[in-house]
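What follows is a set of notes on a single structure, which appears directly below.
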Amino acid sequence: MRILVVEDDPVLGEAIEFALKISNYAVDRVGTGESADQVLKRHPFDLVILDLGLPTVDGFEVLRRLRARLSVTPVLVLSARDAPDDKARVLDLGADDYMAKPFSVNEFLARVRALLRRSRYSLPSQMLGENVSYDTVTRTLQVRGKTLPLSPREVSVFEVLLQHFGRVVSKEQLLERLCGFDDGVTFNAIEVYVHRLRKKLENSGVTVRTFHGRGYQLDHGDAS
Ligand code: CA
């Protein structure tokens with residue numbers, strides 16, 4: 001899960017980034033509306049945390065432009081004051097949620113989880129098959145009733161594949177969705193995570209198939 005944080009206050013921006021990173025999300029942070037706009041045009045994100053009060057191009061405008069490009073990426077707006085008019089305006093502009101500063105980190109993270117859940121993988125667990133379920137709240141994989149520990153990177157790879165269940169995801173897509181700009185994950189590393197996931201899913205009726213030259217697909221069946 002890759003999240004963009006748009007916040008010009010460096011202290012708050014850093015705190016938000018830290019809270020998200022220890023929750024195992026890949027995070028990119030920018031401090032101006034212009035850079036947010038540029039980054040959002042070029043990279044896929046699962047969620048945008050958007051401050052309203054930004055220098056030059058403000059949060060309202062970033063949101064307006066994002067929706068004008070027909071992007072459905074969920075947006076959680078942060079506002080410095082609890083202004084009812086701001087709230088109505090951003091919701092009308094296409095924001096998915098709104099929090100007034102200051103806010104509790106726990107509530108913030110819960111809202112992040114709710115937005116990601118709602119928008120991305122509302123796949124009911126039974127769709128993964130008789131023997132496999134994935135809990136999108138605790139981010140744990142159960143195979144034949146046994147909880148299998150996944151590393152944060154394995155969680156990220158699995159969640160991207162899960163979102164595209166039954167469809168091929170290219171390595172490039174995986175990299176884009178997994179990493180912030182500075183994370184330095186390579187194609188080889190992706191292969192390793194996929195290999196580990198496949199091991200964990202062995203004989204479960206669900207597997208990660210390799211499509212040579214195209215990518216990977218989470219699917220029913222046995223490894224091929
Ligand atoms: Ca601000």
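The values are calculated or read from the model by the stated rules, or taken from the named source; none is laboratory data. Predicted model only: the values in this text are computed from it and were never measured. Quick reminder, even Gly has a Cβ in these numbers, built from the backbone with ideal geometry, and neighbours come from all protein chains shown. Note: accessible area is taken over every heavy atom of the protein model, side chains too, but ligands, DNA and RNA are not part of it. Shrake-Rupley method; radii C 1.70, N 1.55, O 1.52, S 1.80 Å.
Quick notes
- Distance between modelled label sites at Asn24 and Arg69, nm, 7 Å Cα→Cβ extension: 2.9
- Net charge over other residues, Cβ less than 12 angstrom from the Cβ of Phe158 (K, R count +1; D, E count -1): +3
- Rolling a 1.4 Å probe over the protein heavy atoms gives the range 2-120 an accessible area of 47 Å² per residue.
- Solvent-accessible area of the range 125-220 (1.4 angstrom probe, protein heavy atoms only): carbon and sulfur portion equals 49 percent.
- Applied to the range 48-53, the Karplus parametrisation 6.51 cos²θ - 1.76 cosθ + 1.60 on θ = phi - 60° returns per-residue 3J(HN,Hα) values of 10, 9, 10, 6, 7, x Hz, with x for Gly and Pro.
- Cβ-derived FRET efficiency at R0 22 Å, Thr32 paired with Phe103, nearest 0.05: 0.50
- Neighbour net charge for Glu61 - beta-carbon separation under 12 angstrom, K R +1, D E -1: +1
- Positive-end extreme of charge dipole, the range 125-220 - chosen from Val155, Asn203, Tyr134 (charges on Cβ): Asn203
- Taken about its Cα centre, the chain carries a charge dipole of roughly 920 debye when the Cβ of each Lys and Arg holds +1 and the Cβ of each Asp and Glu holds -1.
- Prolate/oblate/rounded call for the range 1-121, Cα gyration tensor, a/c under 1.5 rounded: rounded
- Accessible surface of the range 2-120, 1.4 Å probe, proportion on carbon and sulfur as whole %: 53
- Within the straight-line cut-off of under 18 Å between alpha carbons, the aspartates and glutamates reachable from Lys146 are Glu130, Asp135, Glu154, Glu202, sequence neighbours fewer than 8 places apart in one chain being disregarded.
- Most to least packed among 98-110, 131-143, 151-163 [average Cβ atoms within 10 Å]: 151-163, 131-143, 98-110
- The residues of the range 125-220 expose on average 50 square angstrom of accessible surface per residue, using a 1.4 Å probe on protein heavy atoms.
- Residues whose amide H lies under 5 Å from that of Gly180, counting only those 5 or more places away or on a different chain, are Val27; hydrogens are built 1.01 Å from N in the peptide plane.
- If R0 is taken as 45 Å, the Cβ-Cβ distance between Lys146 and Asp183 corresponds to a FRET efficiency of 0.90.
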